[in-house]
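Contents: one structure, followed by commentary.
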Amino acid sequence: MYKTISILIALFLFSEVATAHIDTLKKKVNIARVRYHENIEKEQQLALHFNGGNGDWINASANKDINTLVTNALIKEVDILKDSIESGIQLDHRLKVKYLSGLENLLKGFNAGWRNKSFTAVLAWELLENYKALMTADIRKQDIRPIVESASYEVGNININGSGSAMYENQGFEASRIILFRKFCQKYPDKTLAMLEQYYNVPFADSLVKAAAHRNPNQLYDYAAATRTQAGRLIRRSRDSLVKAIVAIASSKSGQQYYPFLDEIVHGRLTMPDIFHAMDDNLLYYRLLVKTQTGYTERLLKKDTPLVHDKLLFKLQDRAKNVFIEQVNALHDLPDNARFKITDPLTPQELYYLIVLGEDVMYTSSYKGIFNRMMQRMPVPSGDSLLISVRFDRFKKFIRLAAGYNKLDEFLQTMPDSNSQRLMMAFVRGLEKSGTLEDAVDVADSYGSIKNPLVKKLIDQEIEKNLIQAKKAQDRRAVVIYDILQTIFQSSQDSSIDVSTKLNIPPVYRVNYKDLLDDSGRIVQQVFFYGDQDGKESYANFMTMFTGSDWKVKRSAEWVEIKSTKGKPVFIYANLPLDYEKGLDSVAQTHLQQFLEKNNLKPGITIHRGHSYWVGSTIRNLPPSSKIVILGSCGGFHNLDDVLRTCPDAHIISSKEVGTRIINEPILKEINDHLKEGKDIEWLPIWKDLAAQFPTGEAKERFDNYIPPYKNLGALFIKAYTRQMGSME
């Protein structure tokens with residue numbers, strides 16, 4: 001085909017000197033067209049020097065043969081075609097300018113597409129041959145549509161849709177653009193609606209709108225709300241039932257309230273008046289969301305995916321957090337009957353969704369209060385019946401939270417042993433099928449909190465079974481997940497296992513002293529305080545550790561600097577707990593971080609002091625240099641993943657439940673004593689010494705809720721998975 005095209009071009013264009021050497025032809029370039037030749041050569045030079053090219057060949061790939069092919073097409077063959085156009089005896093000046101400009105457009109399109117990765121460089125030869133075919137047809141006054149139809153979208157897009165296309169006069173030009181638009185829609189369906197602004201008159205526009213609605217209703221909703229755009233007008237004239245429903249919702253002042261129920265509306269199970277009736281009542285609207293979510297979960301189990309089910313879950317989570325949990329948290333100083341009053345009308349199922357969707361904002365006391373009310377409101381306490389009623393939606397998260405807050409045994413005891421065993425087996429199964437690591441980390445996090453040895457044994461057996469099955473199926477991801485879990489579970493019960501070597505992760509039981517040093521041989525610590533009453537009390541208690549002659553304290557307007565005066569240099573910087581209502585504590589933290597950066601002080605240790613609702617702020621500002629992170633706060637245990645995304649190898653100390661000053665200070669003192677002596681941080685002996693300080697009573701119970709780095713199984717899992725699979729997903 002390409003050979004035929006070249007022959008045709010020769011017949012129409014070539015004079016006797018058409019194939020003469022380029023230097024000879026350059027002497028015959030009409031001065032009126034010199035700049036067009038120069039523009040082509042300029043684009044060729046850009047291609048020759050891009051991506052590490054040395055100016056002699058185009059560095060399109062690691063394959064030399066491909067580079068030779070691309071270079072021949074865009075340099076040698078383009079030169080021949082350029083000079084053939086210039087010397088063509090059958091073309092007047094205007095046509096020569098048109099086709100030379102088209103050739104320049106071809107090179108510009110190639111260079112731009114190669115740079116932004118929208119065009120594959122290896123298509124250079126096809127791009128040039130397509131241009132030759134188009135030019136031949138155009139000279140012969142033939143319709144170019146068949147040529148455009150047979151070419152790839154990428155090639156046609158440059159030669160036809162480019163700003164300098166030479167085919168603009170051809171009888172098939174506009175139809176060819178429509179052909180390319182159809183190809184574009186097939187290749188990039190999610191970009192169709194945006195392109196309809198330019199192609200709203202195409203005969204298949206209504207079909208595109210219908211397809212877009214069924215493929216991505218969320219996107220169509222956004223465009224339907226834009227009434228003054230061409231796409232918006234097309235959407236509003238559609239007769240498709242789904243499109244009409246989306247338009248009706250988008251036209252409403254409360255569209256975002258209706259939209260999560262789109263599937264119910266389309267199938268006639270709900271009407272907009274039904275939703276309107278519940279919309280202004282937080283309880284009724286939340287109740288409708290829960291009922292719909294339960295139905296959607298059942299359909300998903302049957303592989304029947306409801307429209308915009310993700311939007312419904314998002315709205316349900318929003319209401320759970322911002323209506324119910326927010327109020328329960330805010331009233332934490334009041335008696336329980338007043339604090340939890342807003343939850344009084346809620347059913348066990350509705351309380352269940354507060355738990356599984358409010359994890360990241362719920363206080364420990366809020367969780368326990370809601371959990372207790374959920375259990376009390378079951379006609380007959382029966383955990384398996386509750387899970388069946390919510391179709392086991394997010395049950396793995398529920399189990400993990402129950403384990404983390406020491407409520408799992410209580411929950412399992414409400415069902416027959418056979419059912420509790422099946423539940424825990426299901427908890428461990430299918431971890432590789434999730435698109436994220438969340439389920440696997442939930443299992444890892446839970447294991448260390450489970451006290452019942454029979455439940456642990458059951459999990460161990462199920463892990464072993466799933467690992468064997470994964471190996472038989474040669475499912476690498478599943479093998480990695482279950483092998484890591486088995487290893488860290490065994491190591492949590494047997495400290496003689498070298499989990500670091502087995503999982504190819506940094507040392508688990510030790511942080512080397514030298515790894516904590518900054519460039520100047522100092523150990524730098526940053527402490528985050530917050531300006532509520534708890535933060536002020538915590539700060540005052542914290543400062544009592546530095547009253548002796550071993551430390552020098554220097555206060556400024558926004559932070560305090562604490563330096564060791566004996567032993568190795570340890571520098572501690574803590575922001576003052578200034579008024580949080582005015583945001584002054586946050587400003588102080590920002591200014592302190594700027595000071596540390598300016599003075600090249602890189603914290604090797606980061607400490608969070610404050611309630612669990614502040615921990616997210618600390619993590620967002622976590623210095624990446626941190627090797628030890630201490631989250632001495634309620635719920636800190638559940639923020640491991642966020643910490644490791646910033647500090648992948650960090651050793652994390654956290655509390656499963658209520659963090660307390662009587663535990664935090666001894667931990668910090670133990671660490672600082674080792675550092676001043678230049679010792680490595682050895683967690684096993686340190687934790688043994690700490691345990692001896694809290695032998696009985698409430699203090700022991702509080703200390704037992706603190707998780708040392710070598711027992712942070714969720715963190716160990718994430719580190720090992722990242723090493724073996726290359727990412728945390």
> Taking the range 693-714 on its own, how many of its residues are more than 15 Å from Ile663 (Cβ to Cβ) and among the aliphatic types (A, V, I, L, M)?
Replying inline: 1
> Could you say which residue among Gly109, Gly88 is open to solvent by less than 40 Å² (accessible area, probe 1.4 Å), in contact (Cβ under 8 Å) with a residue 24 or more places away in the chain, out of contact with any Asp or Glu (no Cβ under 7 Å at 6 or more places or on another chain) and under 20 Å from Asn51 (Cα atoms)?
Replying inline: Gly109
> Across the range 399-443, which residue is surrounded by the most Cβ atoms within 10 Å (Cβ to Cβ) among those that are in a helix (DSSP H, G or I) and of a type in the set (S, T, N, Q)?
Replying inline: Ser420
> Looking at Glu350, is it within 21 Å of Arg400 (Cα to Cα) and either of a type in the set (Phe, Trp, Tyr) or in a loop (DSSP other than H, G, I, E, B) (or both)?
Replying inline: no
>> With the requirement that a residue be among the hydroxyl-bearing types (Ser, Thr, Tyr) and farther than 22 Å from Glu154 by Cβ, what does the range 180-239 give you?
In response: Tyr200, Ser207, Tyr221, Tyr223, Thr227, Thr229, Ser238
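Residues Ser496, Ser500: which one is open to solvent by less than 40 Å² (accessible area, probe 1.4 Å) and free of Cβ contacts under 8 Å to residues at least 60 places away in the same chain? Steps first, please.
On the way: Ser496 fails: open to solvent by less than 40 Å² (accessible area, probe 1.4 Å).
It is Ser500.
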> Which residue pairs have Cβ atoms closer than 9 Å, lie 6 or more positions apart in sequence or on different chains, and pair a first residue in the range 117-129 that is within 16 Å of Phe50 (Cβ to Cβ) and in contact (Cβ under 8 Å) with a residue 24 or more places away in the chain with a second residue that is surrounded by fewer than 20 Cβ atoms within 10 Å (Cβ to Cβ) and β-branched (Val, Ile, Thr)?
Replying inline: Ala121/Ile66; Val122/Ile66
>> Here's a check for you: in the range 673-690, which residue that is touching a residue at least 60 places away in the same chain (Cβ under 8 Å) and open to solvent by less than 10 Å² (accessible area, probe 1.4 Å) is farthest from Tyr509 (Cα to Cα)?
In response: Leu675
>> Kindly evaluate Gly610 against the criterion of being in contact with a Leu (Cβ under 8 Å, 6 or more places away or on another chain) and either at negative phi or not basic (Lys, Arg) (or both).
In response: no
> Within the bounds of the range 557-566, is there any residue that is modelled with pLDDT under 95 and surrounded by 12 or more Cβ atoms within 10 Å (Cβ to Cβ)?
Replying inline: no
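Residue by residue, here is whether (1) modelled with pLDDT of 90 or more; (2) of a type in the set (S, T, N, Q) holds:
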position: Ser365; (1), (2): no, yes
position: Lys368; (1), (2): yes, no
position: Met374; (1), (2): yes, no
position: Val428; (1), (2): yes, no
position: Gly435; (1), (2): no, no
position: Lys451; (1), (2): no, no
position: Ile459; (1), (2): yes, no
>> I'd like the residue in the range 563-620 that is without any contact (Cβ under 8 Å) to a residue 24 or more places away in the chain and farther than 24 Å from Arg645 by Cβ and, out of all such residues, is farthest from the chain's Cα centre (by Cα).
In response: Thr565
> What number goes with the only condition from (1) open to solvent by less than 40 Å² (accessible area, probe 1.4 Å); (2) modelled with pLDDT under 90; (3) in a helix (DSSP H, G or I) that Gln593 does not pass?
Replying inline: (2)
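Could you tell me whether the range 160-178 includes any residue that is of a type outside the set (A, V, I, L, M, F, W, C), part of a helix (DSSP H, G or I), under 33 Å from the mean Cα position of the chain (by Cα) and under 30 Å from Gln230 (Cα atoms)? Quick ask: steps written out before the conclusion?
From the range 160-178, those of a type outside the set (A, V, I, L, M, F, W, C) are 161-165, 168-172, 174, 176-177; that's our starting set.
Now narrow it down to the ones that are part of a helix (DSSP H, G or I): 161, 174, 176-177.
With the extra rule that they be under 33 Å from the mean Cα position of the chain (by Cα), the set shrinks to none.
No; the residues of the range 160-178 include none that is of a type outside the set (A, V, I, L, M, F, W, C), part of a helix (DSSP H, G or I), under 33 Å from the mean Cα position of the chain (by Cα) and under 30 Å from Gln230 (Cα atoms).
Residue check: is Ser101 of a type outside the set (A, V, I, L, M, F, W, C), over 30 Å from Asn63 (Cβ atoms), assigned to a helix (DSSP H, G or I) and touching a Gly at 6+ places or on another chain (Cβ under 8 Å)? Talk me through it step by step, then tell me what you get.
On the way: of a type outside the set (A, V, I, L, M, F, W, C): yes; over 30 Å from Asn63 (Cβ atoms): yes; assigned to a helix (DSSP H, G or I): yes; touching a Gly at 6+ places or on another chain (Cβ under 8 Å): yes.
Here the answer is yes, as Ser101 does meet what is asked.
Residues checked against (1) in contact (Cβ under 8 Å) with a residue 12 or more places away in the chain; (2) assigned to a loop (DSSP other than H, G, I, E, B); (3) aliphatic (A, V, I, L, M); (4) at positive phi:
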| site | (1), (2), (3), (4) |
| --- | --- |
| Leu262 | yes, no, yes, no |
| Ile275 | yes, no, yes, no |
| Ala278 | no, no, yes, no |
| Thr292 | yes, no, no, no |
| Thr305 | no, yes, no, no |
| Asn322 | no, no, no, no |
| His332 | yes, yes, no, no |
| Ile355 | yes, no, yes, no |
>> List pairs: first residue in the range 37-52 and more than 24 Å from Ser87 (Cβ to Cβ) and part of a helix (DSSP H, G or I), second residue open to solvent by 80 Å² or more (accessible area, probe 1.4 Å) and of a type in the set (Lys, Arg) anywhere in the structure, Cβ distance under 8 angstrom, at least six positions apart or on different chains.
In response: Phe50/Arg115
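Filter the range 695-706 down to the residues that are open to solvent by less than 20 Å² (accessible area, probe 1.4 Å) and modelled with pLDDT of 85 or more, then identify the one that is nearest to Ser500 (Cα to Cα).
Only one residue fits best here, namely Tyr706.
Going by what's in this entry, would Ile630 be described as assigned to a strand (DSSP E or B), out of contact with any Phe, Trp or Tyr (no Cβ under 7 Å at 6 or more places or on another chain) and aliphatic (A, V, I, L, M)? Spell out the reasoning first.
Values: assigned to a strand (DSSP E or B): yes; out of contact with any Phe, Trp or Tyr (no Cβ under 7 Å at 6 or more places or on another chain): yes; aliphatic (A, V, I, L, M): yes.
For Ile630, the condition - assigned to a strand (DSSP E or B), out of contact with any Phe, Trp or Tyr (no Cβ under 7 Å at 6 or more places or on another chain) and aliphatic (A, V, I, L, M) - is met.
Looking at Ile80, Ile66, can you tell me which residue is touching a helix residue (DSSP H, G or I) at 6+ places or on another chain (Cβ under 6 Å), of a type in the set (A, V, I, L, M, F, W, C) and in a helix (DSSP H, G or I)? Explain how you work it out, then say what you get.
Values: Ile80 fails: touching a helix residue (DSSP H, G or I) at 6+ places or on another chain (Cβ under 6 Å).
Going through Ile80, Ile66 in turn, the sole match is Ile66.
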>> Which pairs turn up if I take residues in the range 195-224 that are in contact (Cβ under 8 Å) with a residue 60 or more places away in the chain and assigned to a loop (DSSP other than H, G, I, E, B) and look for partners that are surrounded by fewer than 22 Cβ atoms within 10 Å (Cβ to Cβ) and not hydroxyl-bearing (Ser, Thr, Tyr) with beta carbon separation below 9 Å, at least 6 apart in sequence or on another chain?
In response: none
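Does at least one position in the range 203-219 carry a residue that is over 22 Å from Lys311 (Cα atoms), open to solvent by less than 40 Å² (accessible area, probe 1.4 Å) and among the aromatic types (Phe, Trp, Tyr)?
Looking only at the range 203-219, we keep the residues that are over 22 Å from Lys311 (Cα atoms), and these are 203-208.
Of the ones still in play, those that are also open to solvent by less than 40 Å² (accessible area, probe 1.4 Å) are 205, 208.
After this cut, where a residue has to be among the aromatic types (Phe, Trp, Tyr) as well, the list is none.
Looking for residues that are over 22 Å from Lys311 (Cα atoms), open to solvent by less than 40 Å² (accessible area, probe 1.4 Å) and among the aromatic types (Phe, Trp, Tyr), one finds none in the range 203-219, hence no.
Are any residues in the range 363-393 farther than 26 Å from His611 by Cα and open to solvent by 60 Å² or more (accessible area, probe 1.4 Å), and if so, which ones?
So the first thing to find is which residues in the range 363-393 are farther than 26 Å from His611 by Cα, and the list is 375-393.
Within the range 363-393, Gln376, Arg377, Pro379, Val380, Pro381, Ser385, Ile388, Arg391, Phe392 qualify.
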> If you scan the range 230-253, which residues turn out to be open to solvent by 40 Å² or more (accessible area, probe 1.4 Å) and not in a helix (DSSP H, G or I)?
Replying inline: Arg239, Lys253
>> Being among the β-branched types (Val, Ile, Thr) and either open to solvent by less than 30 Å² (accessible area, probe 1.4 Å) or under 23 Å from Thr297 (Cα atoms) (or both) is the filter here; which residues of the range 328-362 pass it?
In response: Val328, Thr343, Thr347, Ile355, Val356
> Quick check: anything in the range 712-729 within 26 Å of the chain's Cα centre (by Cα), closer than 20 Å to Val527 by Cβ and touching a residue at least 60 places away in the same chain (Cβ under 8 Å)?
Replying inline: no
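The values are calculated or read from the model by the stated rules, or taken from the named source; none is laboratory data. A quick note: this is a predicted structure, and the numbers were derived from the prediction, not measured. Using ideal geometry, Cβ is built from the backbone for each residue, glycine included, and neighbour counts are taken over all protein chains shown. Accessible surface is based on the protein model in full, side chains and every heavy atom, while ligands, DNA and RNA are left aside. Shrake-Rupley method; radii C 1.70, N 1.55, O 1.52, S 1.80 Å.
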